[in-house]
Each structure stands twice: as structure tokens, then as C-alpha cells.
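Here's the structure, in C-alpha cells; my notes come after.
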Amino acid sequence: MTERFDVVIIGTGAGGGTLAHTLAQSGKSVLLLERGDFLPREMENWDPKSVFVDGRYISPDTWYDADGKPFQPQVHYFVGGATKMYGAALYRLRPADFGELKHIDGVSPAWPLSYDDFEPYYTKAEWLYQVHGNHGEDPTEGHWSRQYPWPALSHEPRIQQLFDDLAASGYHPFHAPCGVALDEAERARSTCIRCTWCDGYPCLVHAKADAETIAIRPILDLPNVTLLLDAEVRSLNTDASGGSVTDVVVSLNGSTETYAGDVVVLSAGAANSAKILLQSANDAHPNGLANGSDQVGRNYMFHNCKAIVALSKDLNDTVFQKTLGINDFYLAWDDYEWPAGNIQMIGKSNAEAMKGEEPKLTMLAPKWTLADTAKHAVDFWLTTEDLPKPDNRVTVDGDGNVHLAYRSTNDDEADRLYHELKKLLNHVGMAEHHVLSKNFYMDMNIAIAGCAHQVGTCRFGADPATSVLDENCKAHELDNLYVVDTSFFPSIGAVNPALTAMANAIRVGEHLIERMR
Ligand SMILES: Cc1cc2nc3c(=O)[nH]c(=O)nc-3n(C[C@H](O)[C@H](O)[C@H](O)COP(=O)(O)OP(=O)(O)OC[C@H]3O[C@@H](n4cnc5c(N)ncnc54)[C@H](O)[C@@H]3O)c2cc1C
């Protein structure tokens, strides 16, 4: 017999986990279906070789690019989803990102809601995910109704020097918003030991504010919350008219089970949510569920990113490096008429990570050379907005394999951002010939596999002809189906996406509580 719940949520990451946390206190029965297990806490969590070279926590999935070439996508199937590996840089989109923004390769479309509509939920998400930061420092940020719950993480000496040099040169560096369980005033009571391992690693001591530690674990004891692990959702069935989801088809421990919900929420990640909808085609929805507009799977975006290792003459013995951001080039400026994007720091590079990310480039380099190089490295992450293009899309073949067709956009803006970083580093005494570009994602195959920031595929909007979801993230064509992962983004902006997914999940959660009242 099919078990019935008030709400069935598929996926426990930034979107699904945060939604479950929001709904849990309502007393409504909530079933969480997660295809993975809890990520094991083991020493390998912090071992660069296990994480970067062996890919211990990456799913064994095979996806295919537009030419049919197979690749292993960097997706992570655990309770908490991609947030188990994320860098916890928890940025708000800028107000301009919610409007139409002209780029060199086209227009980034407006969202159906404004920054003001999202602001209260950003605040709630920042407080839930214990973000450390300092609103008011970054000239590009929107208004905020409440300061961050924790003061910004202080810079270590090398980064403070960079911060001071940049400010003295007329730039506007700011403390990057970061979700870690670190109370700097009361270090003795804090869990975070401020190691280098936030970015790309799971946190062994559970001090990273991820969807497992913050959203899922605290609700597991509630009698109205049920979590099923190793429960891979295959498809959704509807009634004969196609107007409602009747049950969720799940592969659980080798057998096929079905579960029903008054409300069903898909939150399996942008690519996998599109896959599930496309696999659920039936007579009423011949092109896939909720896909009368032919928009499901389209407009896939994942940022135009570069990782830069800048080699400084000075030693960089920083441990936790991700404390500084620069948005001076986020919007068009006097010298350049296009928005180029965000500059932030990433986790400190080390020899194993360099080998893992660039095996060909580093193949002949002895490990001690790389280790010495890493001691001087100051590491940056550059993010340029990627535009929604209908042909950048997820499709599924007859065997259920994901195909991902993708071409980057705004390459010129990304190059300009890199140019500005080099200029800026020259200003602060890190000479240009000391800058090594390690554009990890320039090669197309690597680019497509690095799908950490995947969004789009089920965008929300007012018009059912051009969008999949309405403003509440309910499918236009079904009365009880919602999507709350990053699929709903109509555009991606140029900052990390997780906080926006979390804020939106709280927003949709409050709507659902109202709906079920
Ligand atoms: C290495 C790395 C670093 C990152 N750093 C940052 C950062 O610093 N800041 C930031 O904002 N973002 C960062 N991100 C991106 C961020 O983690 C994602 O944007 C965010 O987690 C997406 O949320 P989501 O709910 O869409 O998907 P996810 O968090 O991936 O959740 C999807 C969930 O669905 C489950 N699932 C998938 N398929 C099925 C199925 N068929 N049945 C049941 N369950 C299923 C998955 O196991 C997973 O739990 C990073 C990501 C990575 C990988």
C-alpha cells in the first residue's frame, strides 16, 4: 500500500533540506527521500588526495556531453547534497541581478520577484545558516533588514595585508560572508578549527553550516519527519488528467516503492530534477511532466569561473583564506561597459589539490616543487555570470542517461575580470609575472563536469509559455508539484547560488504552510 504524507520532499540539499527545516515545526507529516546516505565522518574527509585525486565523494554517475562523450559530473549524493562539499560562501544576489542586466553575449532576464521580495528570506537564511559577515562594507550589496548573526571572520595576516593594500589602492574589498560554526569571541566554545578544508571538502567536525548539520539533523527526532536513505526517485505519476502528482516512484534497497503526498516537492539538484520530470512523461504530459512549454531542462547555467593561483614573493601561511571578496567589477564601470563579476578567495591550494585539479600540467613536477609553490600561493576564484540559453540543456535518453549540452557565455567578460585581477595584484605588489593562471574549467570537458553551481532547467516566471514554475515555485501545469532546488533560477548572477536557494526554500516553505492551513 502506498504510504501517504502531507509533503514529500525529494532531495535533502540546500533547497530540500532547508524546506524540510521550515516545514518541520508546522506539525505536518514530511517524508524526505534522499538517494544517498549520511556522508561518513572519517579522516579522508580532510585528505586532499582522497578528495581531489581519488574523488572519494563524487558520484560514479556517467553523463554525456552534446557530442555523446561521457564524463563524470562533480555531483554529490549525500544527506545535505552539494552543501556537504561546498565552501559555505553564502552571498546574496545583488539587487541588479533581479532585474534585466545587459551582458556582452545577451541579456540576463529579470526575475518575477524583486530583491525586496527576497530580502526578508535572505535574512532568515543568514540567521539559520549562521553566516559570519559584515553588511555595509560592499558597495554593490542591497539593503539589509538585519545585520549578520555573527561578526565577519577576521583576516589572517597575509590576507589582512592584501585587504589593506587593496583599500589603499582605491578598491573596495569586504569580508566575505561565510557559514561556519565559529564564534570568534568565544573560540573555546567554537567547533570550527579554522582548517583549510571548507572549500571542496566535507567537514569532519561538522563545523560547516551545511544542509545536513543545520537543516536536517536538528529535525530528525520530530515525530512528523521521516527520512528514507538510499531512496532514489525515478519518476512521478499523475492522475489521468495530469493535473496532480499521485505518487512518487522510488528505487529503495533494490525494490520499487511508491509514496504519496498532498504536496510533492522536487529538490534533486538542477540536472537531476529535470531528469526526473523528463522521465515522468505520460499521456497527459507527453514531453515530460510540467513541460508543456518545452522549458524543462533548458537554460542550464553554472557560472563562467576561473580559479587563479597567484604566486607572491611573500610566504602565504594563511590557514583559512576565504575571508575576502571584491565586487568592484560586479557591474559595468567607467573602463568597461559590461558586468564582469565577483572576485573571492578560495581554500588554500596544496600540492595534492594541484595534482588533482591539473594532473597533466603537474605530472612532471616533483611533489616538493609543488609544495614549495603552494607556500607562496594566494588563491582566487573569479565568477562571471553565465546567461540562460535554451540550447544549454539537460535531456534524458531512452536508458535514463543524462545528456548535458553546454556552451559557455560571456567569455570576454570573464577574461576582463582576470585582466582586472592581474592589474589589481600589480597595484599591491604581486607582479604580473608571478601570476599563474590555472583556469581549471577552460577545457570544455572539465568545464562541463564541474557542475557545482548548476542552476536553471525549471525557471520560475509569470508566463507558463516561457517558464516551468509560477512565482511560488509550483509547476504551472500541476496543482501539487513544487521545485525548490536551484532549478528555479531564471538567471544566475555572479555570486555563489546556495544562499539564494536556501532563502527561496524558506519562502516556499512559508507559502506551503499557509496553503496547508
Ligand atoms: C565543491 C563545491 C563547492 C561549492 N561552494 C559553494 C559556496 O561556497 N557557496 C555557494 O553558495 N554554493 C557553493 N556550491 C554550490 C552549492 O552547494 C549548490 O548550489 C547547492 O547545494 C544546490 O542546492 P540544491 O538543493 O539545488 O542541490 P543539492 O544541494 O545538490 O541537493 C540535491 C539533493 O538531491 C539528492 N538527489 C539527487 N537525485 C535524487 C533522486 N533521484 N532521488 C532522491 N534524491 C536525489 C542529492 O543526493 C542531494 O542530496 C558548491 C558546490 C560544490 C560541489
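Hey, rough spin-label estimate for T258 and Q161, points 7 angstrom out along Cα→Cβ, what's it come to in nanometres?
For T258 paired with Q161, the spin-label model returns 6.6 nm.
With no solvent and one equal point scatterer per Cα, compute the Debye intensity ratio I(q)/I(0) for the stretch 34-151 at 0.13, 0.17 Å⁻¹ and report its log10, rounded to two decimals.
-0.83, -1.04
List, in order, the whole-Hz ³J(HN,Hα) value for each residue of the stretch 398-408 obtained from phi through the Karplus relation with A = 6.51, B = -1.76, C = 1.60 and θ = phi - 60°; use x for Gly and Pro.
Coupling constants for the stretch 398-408: x, 8, x, 7, 7, 10, 10, 8, 8, 10, 5 Hz.
Work out the length of the dipole vector of the stretch 226-305 about its Cα centre, built from +1 on the beta-carbon of each Lys and Arg and -1 on the beta-carbon of each Asp and Glu, and round it to the nearest 20 debye.
320
Restricting to bridges with both residues inside the chain, how much of the DSSP beta-bridge set is antiparallel, in percent to the nearest 5?
Looking only at bridges with both residues in the chain, the antiparallel portion is about 70 percent.
Between A281 and I58, what is the FRET efficiency for a Förster distance of 25 Å, r being their Cβ-Cβ separation, to the nearest 0.05? Intermediate values should be presented prior to the final figure.
On the way: r = 29 Å, r/R0 = 1.16.
E(calc), rounded to 0.05, equals 0.30.
Please report the projected area of the stretch 1-80's Cα convex hull averaged over all directions, in nm².
Details: hull surface 33.0 nm².
Over all viewing directions, the stretch 1-80 projects a mean Cα-hull area of 8.2 nm².
Please list 3J(HN,Hα) in residue order for the stretch 135-151, calculated via the Karplus relation 6.51 cos²θ - 1.76 cosθ + 1.60 where θ = phi - 60°; whole Hz, with x for glycine and proline.
Result, ordered by residue: 4, x, 7, 8, x, 8, 6, x, 6, 9, 8, 8, 5, 4, x, 10, x Hz.
May I ask you to list the aspartates and glutamates whose Cα is less than 14 Å away from that of K375, ignoring any residue fewer than eight positions away on the same chain?
D314, D317, E352
Please find the FRET efficiency linking D415 to D294, where r is the Cβ-Cβ separation and R0 is fixed at 30 Å, and quote it to the nearest 0.05. Numbers along the way, then the final one.
On the way: r = 33 Å, r/R0 = 1.11.
Calculated transfer efficiency: 0.35.
Pick out, in residue order, every one of the trypsin sites (Lys or Arg not before Pro) in the stretch 1-99 that is DSSP loop and has at most 16 other C-beta atoms within 10 Å; say none if there are none.
Answer in residue order: R41, R56.
Between I513 and I193, what length comes free when the chain is fully extended (0.36 nm per residue of separation minus the Cα-Cα distance, one decimal in nm)?
Extending this stretch completely gives an extra 111.4 nm.
Among S50, A66, C305, which residue has its Cα furthest toward the positive end of the charge dipole of the chain, with +1 on Lys/Arg Cβ and -1 on Asp/Glu Cβ?
It is S50, whose Cα lies furthest towards the positive end.
Give me the percent relative contact order of the stretch 6-87, please, defined on Cα pairs under 8 angstrom at least 6 residues apart. Don't skip to the end; give the middle numbers.
On the way: 101 pairs, mean separation 27.1, N = 82.
Computed value for the stretch 6-87: 33 percent relative contact order.
Once fully extended, how much extra length lies between K69 and V107, figured as 0.36 nm per residue of separation less the alpha-carbon to alpha-carbon distance?
Once the chain is fully extended between K69 and V107, it gains 10.7 nm.
About the Cα centre, and with charges only on the beta carbon of Lys, Arg (+1) and Asp, Glu (-1), how big is the dipole of the stretch 11-59? Nearest 20 debye, please.
220
Could you give the accessible area per residue of the stretch 1-118, probe 1.4 Å, as a whole number in Å²?
It amounts to 39 Å² per residue over the stretch 1-118.
About the Cα centre, and with charges only on the beta carbon of Lys, Arg (+1) and Asp, Glu (-1), how big is the dipole of the stretch 109-153? Nearest 20 debye, please.
Dipole magnitude for the stretch 109-153 comes out near 180 debye.
Report in % the part of the accessible area of the chain that belongs to carbon and sulfur, leaving out ligands and nucleic acids; probe 1.4 Å.
51
Non-local amide H neighbours of A231 (under 5 Å, H modeled in plane, Pro and chain starts lacking H): which ones?
For A231, whose amide H was placed from the backbone, the distant partners under 5 Å are E34, R35, G36.
Do any of K49/K313; K69/K389; K124/K474 go past 25 Å between their Cα atoms, and which?
Details: K49/K313 27 Å; K69/K389 21 Å; K124/K474 22 Å.
Correct reply: K49/K313.
Could you give me the ³J(HN,Hα) list for the stretch 233-249, computed from phi with Karplus coefficients 6.51, -1.76, 1.60 and θ = phi - 60°, whole Hz, x at Gly and Pro?
Here the 3J(HN,Hα) series is 6, 9, 6, 10, 9, 10, 5, 4, 6, x, x, 9, 6, 9, 8, 10, 9 Hz.
Could you calculate the FRET efficiency of N134 with S169 from 1/(1 + (r/R0)^6), where r is the beta carbon distance between them and R0 is 25 Å, rounded to 0.05?
Details: r = 20 Å, r/R0 = 0.82.
Calculated transfer efficiency: 0.75.
If amide hydrogens are placed 1.01 Å from N in the peptide plane, which non-local residues have theirs closer than 5 Å to the one on L324?
For L324, whose amide H was placed from the backbone, the distant partners under 5 Å are A176, M345.
Want the number for R146 to L220: 0.36 nm per residue separation, take away the alpha-carbon distance, what's left? Don't skip to the answer; put the middle values down first.
Working: separation 74, 0.36 × 74 = 26.64 nm, distance 2.91 nm.
Full extension of this stretch gives 23.7 nm more.
When all C-alpha to C-alpha distances in the chain are sorted into bins of 10 Å, what percent of pairs does each bin hold, rounded to whole numbers?
4, 20, 31, 27, 13, 4, 0
How large is the accessible surface per residue of the stretch 189-278, computed with a 1.4 Å probe and reported in Å² as a whole number?
Here the residues of the stretch 189-278 average 35 Å² of exposed surface.
Given the -39500 (n - 2.57) contribution per DSSP H run of 4+ residues, what per-residue ellipticity at 222 nm results for the chain, rounded to the nearest 500 deg cm²/dmol?
-6500 deg cm²/dmol
Quick one: P(r) of the stretch 92-185 from all Cα-Cα pairs, 10 Å bins, percents rounded to integers, in order of increasing distance.
P(r) for the stretch 92-185, in whole percents per bin: 15, 37, 32, 16, 1.
The values are calculated or read from the model by the stated rules, or taken from the named source; none is laboratory data. Note that the structure is a prediction, hence the values are computed from the model and not measured. Virtual Cβ from ideal backbone geometry, glycine too; neighbours counted across all protein chains shown. These area figures cover heavy atoms from the full protein model, side chains too; ligands, DNA and RNA do not enter into them. Shrake-Rupley method; radii C 1.70, N 1.55, O 1.52, S 1.80 Å.
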